[in-house]
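Below is one structure, written out as structure tokens; the observations come after it.
The values are calculated or read from the model by the stated rules, or taken from the named source; none is laboratory data. Fair warning: this is a prediction, and the values are worked out from it, not measured in the lab. Cβ atoms come from the backbone with ideal geometry, glycine included; neighbour counts cover every protein chain shown.
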Amino acid sequence: MDNTSEEKVDGRPTKAFFVDMLTRDISVTASILDLCDNALGRTFELADIDASYFLGAMNGKQKPLKPFYLHLKVTPSAISMEDNCGGISIDHAREDIFRLGKTDDSGETGLSVYGIGMKRAFFKLADHVSLRSSHKNEWFDITFDVSKWRNKGDDDWSLKFTHTGTAKDRPDAIPKNGTLIELKTIRPGVRDILGQKSFRNDLRDRLQSAYSLFVKLGLDLRLDGVRIESTTPDLADEPLKPARKTLKLDDVRAVLVAGLTPKATLANASNSGWFVYCNGRLVLDADKGRTTGWGDDLPQWHSKFLHFAGFVFFTSNNSLALPWTTTKQGVVEDSEVFIRAKQEMQVQARPVIDFLSRQYPSDVGDESVQERILFEKARPVSLTSLSKTDRAFVAPLPKMKAKAQTKIQYFRPTAQVERVREKLGKKLSLYEIGGRTFDYFYRAEIDE
Amino acid sequence: MSSYEKFNYLVRPAKQIERKLLIEGLHQLSASGFPIRRYRYVGFGSPFYADFVLFHKYLYIEDMLCVEGSDIRRRMKFNRPFPKVALHMGKASGVIPKLDREKRHIVWVDYDYQLTPDMLSDLAGFAVTLCPDSVLIVTVDADPRVFDDLPEDIVNQIRDFRLKKLTEEIGRWVDGGVKKSHLTRPALPTLYASVIRSRLHDALSIRKLEFLQLFNFSYADGRQMLSIGGMIGGAEQKRRLQASDIYQLKFINDTEKPIVISAPPLTQRERLWLDQNAKSPLKEFEIKAEDVSNYRRFYRYYPSYFEALL
């Protein structure tokens, strides 16, 4: 008996799902960062560099992102963002960026992954959206109210260009090869949050850490006119050497760096742990938990490891292959790429952890003093100036011991020196006279 | 136990038997096309370098690295048996990231203390860095340390304490958790063996590799020790091992239950008699049947010790 029927079951999505549901598990801060990701997505490509390029490639001096800016203004009644990071073409606007989700499953370079971030941010933050962008010889303006779009029902998902034009008639407000986003009629719950002092400080901190690499490379990033500085910690180098290891994980390249923040740096929990970046964007900030192997093959994080700093830079031309979550506030812990990187992170970090453990006399004997001297001697170096060679963590203790020498230089009356030379009975150089008289004292007074 | 049944700890006959068994096993790998003589050996030589001397002389390995955690650099240099033996002063964890990932290794981490999380992390580290065809051997103290001269209630307290500690440290790797019944002389090596196997399995599976276990010995020259060893490899290594004769060797063991190496204390005359005769010695002299069978199992590897004037 055939029970099949021609009657169809409705499986279409609803706008309510996107506008009300998808926005629930993302914070206001993360939504704003999503907009920034969209803006910054192609800067590395435009500057013709790889996101891991900065690692030791340029002696810390070159600033390939210097031509680019992203200025963010946030008030309880409006959010605006202006950038000159490439802009959006009319074709791209028409066919891709307003689709909910990606049109195919291929990844792309940069910071765009799931094709949802920008729209989700619009829905989360405001009702009135204005997106104006210029790219090469053209520009466009798409301005709409989310509520009106929503009221058109679940059959019409389209938006209209408000204006399009060519380079000649580009309004001054729209930056050249850039985008201006203005959000007004902020959603009621969001408006309260935007007005809070703590929110603004949190947002500043998040911008600072999420884009610290971009800023380090020269990006002019501002919140309400105030420039955001990079917070990426320096590492202790020479005579110490941080560990560095490059991994090829299918489509993904991972560069691991593990070392110590300099002794002189104020030890601070926000500078300690693992920092994980995907295509230059920080996704895990100073992690000290099991996610990055603490309490697994690394010991539980402890204040004696305050100077530990590890960095993982994942890069790929296929952004879907990177182990970041949709909110970019964490890693997909069970992704194969991350699991394999994590194994290597632990291998590279253990000698650093051992070194820090030896700093504490309660754990060992007096040898720990040597480690401390070494640590104090190490000079700080920026991540951008690190050596590009893969190597394990180096703490050259024994050699230091053998080589530790001091040069002594002094003047004495020539006549006296000549009498000493006579007494020594040989035609010795001044260098040897100095050495022998020192040795004589040392044997007599210090070491029989 | 009478004193004549105890051994001079320094000569450690069971350990020496183990070294010889490893050498025979590794020779068989050589015969099966694994170029052991071109492997790099990494071990904990101690100032005696016993394993280094044997592996150089009998496996012809030239490239060697000795890891030493105690602060005895000059003593280690002084006793270095061959100039080619490199020295790493520090923990094994410091060597792991420096290993050449392309080079085949034999690594023997011969710890003289109980299984710790740090040790398991070393094993995981080797599992991440050693290339296929490499051989990894680990030795740990697996002695339950029973104090039979203490009152029962104190012994119970010690057991409870150890159970708690083991549960915290290695409980993750034990199916059903650590139990009191694990803390006995016969059971502890098997527990440790299963933990080591699980840890290696989990770390290697990420690389789509396996720990192809070949050795699992327990022995006691003083404390009871456990040694687990095997090859790191995938389908190809598995096939090559199966095609070789290595599994014909009686001491090759891929289960989690160790083969017990026992070196019963016998006089030279007793040993000669046992070597010459297949029958029981009980009519000639009184020796336990168990000692006889233990001796006969490993008589070819049983070391002889004589005083030498050097």
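Collect the residues in the range B:43-77 that are without any contact (Cβ under 8 Å) to a residue 24 or more places away in the chain and basic (Lys, Arg), keeping them in residue-number order.
Once the filter is applied, which keeps residues that are without any contact (Cβ under 8 Å) to a residue 24 or more places away in the chain and basic (Lys, Arg), the range B:43-77 yields B:Lys57, B:Arg73, B:Arg74, B:Lys77.
Report yes if some residue within the range B:220-229 is more than 16 Å from the chain's Cα centre (by Cα) and touching a residue at least 12 places away in the same chain (Cβ under 8 Å); otherwise report no.
no
Looking at the range B:162-181, is at least one residue under 20 Å from the mean Cα position of the chain (by Cα), within 14 Å of chain A (Cβ to nearest Cβ) and of a type in the set (Val, Ile, Thr)?
Within the range B:162-181, one or more residues are under 20 Å from the mean Cα position of the chain (by Cα), within 14 Å of chain A (Cβ to nearest Cβ) and of a type in the set (Val, Ile, Thr).
When you look at A:Asp141, is it more than 29 Å from the chain's Cα centre (by Cα) and either exposed (fewer than 14 other Cβ atoms within 10 Å of the Cβ) or among the basic types (Lys, Arg) (or both), yes or no?
It is false that A:Asp141 is more than 29 Å from the chain's Cα centre (by Cα) and either exposed (fewer than 14 other Cβ atoms within 10 Å of the Cβ) or among the basic types (Lys, Arg) (or both).
Restricting attention to helices (runs of 4 or more DSSP H) lying wholly within the range A:355-439, give those where 3 or more residues are at pLDDT 75 or above and in contact with a helix residue (DSSP H, G or I) (Cβ under 9 Å, 6 or more places away or on another chain).
A:368-377, A:414-424
Of the residues in the range B:51-92, how many are part of a helix (DSSP H, G or I) and either within 14 Å of chain A (Cβ to nearest Cβ) or surrounded by fewer than 18 Cβ atoms within 10 Å (Cβ to Cβ) (or both)?
Kept after step one, since they are part of a helix (DSSP H, G or I), are these residues of the range B:51-92: B:51-59, B:73-79, B:92.
Keeping just the survivors that are either within 14 Å of chain A (Cβ to nearest Cβ) or surrounded by fewer than 18 Cβ atoms within 10 Å (Cβ to Cβ) (or both) gives B:53-54, B:57-58, B:73-79, B:92.
Selection size over the range B:51-92: 12.
State the number of residues belonging to the range A:114-162 that are part of a helix (DSSP H, G or I), charged (D, E, K, R) and closer than 24 Å to A:Arg42 by Cβ.
Result for the range A:114-162: 3.
Give me a count of the residues in the range A:265-320 that are among the small types (Gly, Ala, Ser) and not in a loop (DSSP other than H, G, I, E, B).
Residues flagged as among the small types (Gly, Ala, Ser) and not in a loop (DSSP other than H, G, I, E, B) within the range A:265-320 amount to 8.
Looking at the range A:342-351, is at least one residue buried (at least 21 other Cβ atoms within 10 Å of the Cβ), within 14 Å of chain B (Cβ to nearest Cβ), within 30 Å of A:Leu40 (Cα to Cα) and without any contact (Cβ under 8 Å) to a residue 60 or more places away in the chain?
Yes; the residues of the range A:342-351 include at least one that is buried (at least 21 other Cβ atoms within 10 Å of the Cβ), within 14 Å of chain B (Cβ to nearest Cβ), within 30 Å of A:Leu40 (Cα to Cα) and without any contact (Cβ under 8 Å) to a residue 60 or more places away in the chain.
Any residue in the range A:282-294 that is more than 15 Å from A:Arg206 (Cβ to Cβ) sitting within a Cβ distance under 9 Å of a residue that is polar (S, T, N, Q) and not in a strand (DSSP E or B)? List the pairs, counting only those 6 or more apart or interchain.
From residues that are more than 15 Å from A:Arg206 (Cβ to Cβ), the pairs are A:Lys288/A:Ser272; A:Lys288/A:Gln300; A:Thr292/A:Gln346; A:Gly293/A:Gln343; A:Gly293/A:Gln346; A:Trp294/A:Gln300.
If we keep just the residues of the range A:317-332 that are modelled with pLDDT of 90 or more and buried (at least 16 other Cβ atoms within 10 Å of the Cβ), which is nearest to the other protein chains (Cβ to nearest Cβ)?
Out of the qualifying residues, it is A:Pro323.
Out of curiosity, is B:Leu136 buried (at least 16 other Cβ atoms within 10 Å of the Cβ), within 14 Å of chain A (Cβ to nearest Cβ) and either part of a helix (DSSP H, G or I) or not charged (D, E, K, R) (or both)?
So B:Leu136 does not fit the description; no.
What number goes with the only condition from (1) in a loop (DSSP other than H, G, I, E, B); (2) under 28 Å from B:Ala124 (Cβ atoms) that B:Phe48 does not pass?
So B:Phe48 meets the others, but not (2).
In the range B:93-109, which residues are under 17 Å from B:Arg199 (Cα atoms) and more than 8 Å from chain A (Cβ to nearest Cβ)?
Listed by number, the residues that qualify are B:Val107, B:Trp108, B:Val109.
Among the numbered criteria (1) under 30 Å from A:Thr232 (Cβ atoms); (2) at pLDDT below 85, which single criterion is violated by A:Cys85?
That leaves (2) as the condition not met.
If the requirement is being touching a strand residue (DSSP E or B) at 6+ places or on another chain (Cβ under 7 Å), more than 28 Å from B:Glu236 (Cα to Cα) and either surrounded by 18 or more Cβ atoms within 10 Å (Cβ to Cβ) or not aliphatic (A, V, I, L, M) (or both), which of these qualifies: B:Asp112, B:Asp153, B:Asp148?
Among B:Asp112, B:Asp153, B:Asp148, only B:Asp112 is touching a strand residue (DSSP E or B) at 6+ places or on another chain (Cβ under 7 Å), more than 28 Å from B:Glu236 (Cα to Cα) and either surrounded by 18 or more Cβ atoms within 10 Å (Cβ to Cβ) or not aliphatic (A, V, I, L, M) (or both).
Would you confirm whether any residue within the range A:278-288 is within 20 Å of A:Leu235 (Cα to Cα), within 14 Å of another protein chain (Cβ to nearest Cβ) and either touching a Pro at 6+ places or on another chain (Cβ under 8 Å) or buried (at least 24 other Cβ atoms within 10 Å of the Cβ) (or both)?
No, that holds for no residue.
Considering (1) small (Gly, Ala, Ser); (2) surrounded by fewer than 18 Cβ atoms within 10 Å (Cβ to Cβ); (3) touching a strand residue (DSSP E or B) at 6+ places or on another chain (Cβ under 9 Å), say which one B:Ser218 fails and leave the rest.
Every condition holds for B:Ser218 apart from (2).
Please verify whether the range B:27-35 includes one or more residues that are surrounded by fewer than 20 Cβ atoms within 10 Å (Cβ to Cβ), within 14 Å of chain A (Cβ to nearest Cβ) and more than 30 Å from B:Val260 (Cβ to Cβ).
The answer is no; no qualifying residue exists.
Are there any pairs, at least 6 apart or on different chains, whose C-beta atoms fall under 7 Å, with the first in the range B:143-162 and modelled with pLDDT of 90 or more and the second surrounded by 13 or more Cβ atoms within 10 Å (Cβ to Cβ) and in a helix (DSSP H, G or I), and if so, which?
Listed pairs, sorted by first residue: B:Pro144/B:Leu188.
Checking A:Lys248 against (1) of a type outside the set (Gly, Ala, Ser); (2) surrounded by fewer than 20 Cβ atoms within 10 Å (Cβ to Cβ); (3) more than 14 Å from chain B (Cβ to nearest Cβ), only one condition comes out false. Which one?
(3)
Filtering the range B:104-129 down to residues that are touching a Leu at 6+ places or on another chain (Cβ under 9 Å) and in a loop (DSSP other than H, G, I, E, B), which residue is nearest to B:Leu163 (Cα to Cα)?
Result: B:Leu115.
Mind counting the residues in the range A:1-56 that are modelled with pLDDT of 80 or more, assigned to a loop (DSSP other than H, G, I, E, B) and small (Gly, Ala, Ser)?
So the answer is 4.
Residues of the range B:139-160 being within 25 Å of the chain's Cα centre (by Cα) and either within 14 Å of another protein chain (Cβ to nearest Cβ) or among the acidic types (Asp, Glu) (or both), which ones?
B:Asp141, B:Asp143
Taking the range A:296-316 as the region of interest, how many residues are among the polar types (S, T, N, Q), farther than 17 Å from A:Gly280 by Cβ and either touching a residue at least 24 places away in the same chain (Cβ under 8 Å) or more than 14 Å from chain B (Cβ to nearest Cβ) (or both)?
Step one: of the range A:296-316, the residues among the polar types (S, T, N, Q) are A:300, A:303, A:315-316.
Next cut, farther than 17 Å from A:Gly280 by Cβ only: A:300, A:303.
Narrowing further to those that are either touching a residue at least 24 places away in the same chain (Cβ under 8 Å) or more than 14 Å from chain B (Cβ to nearest Cβ) (or both): A:303.
Qualifying residue count, the range A:296-316: 1.
Given the conditions (1) surrounded by fewer than 21 Cβ atoms within 10 Å (Cβ to Cβ); (2) within 14 Å of chain A (Cβ to nearest Cβ), report the number of the one that B:Gly125 does not fulfil.
(1)
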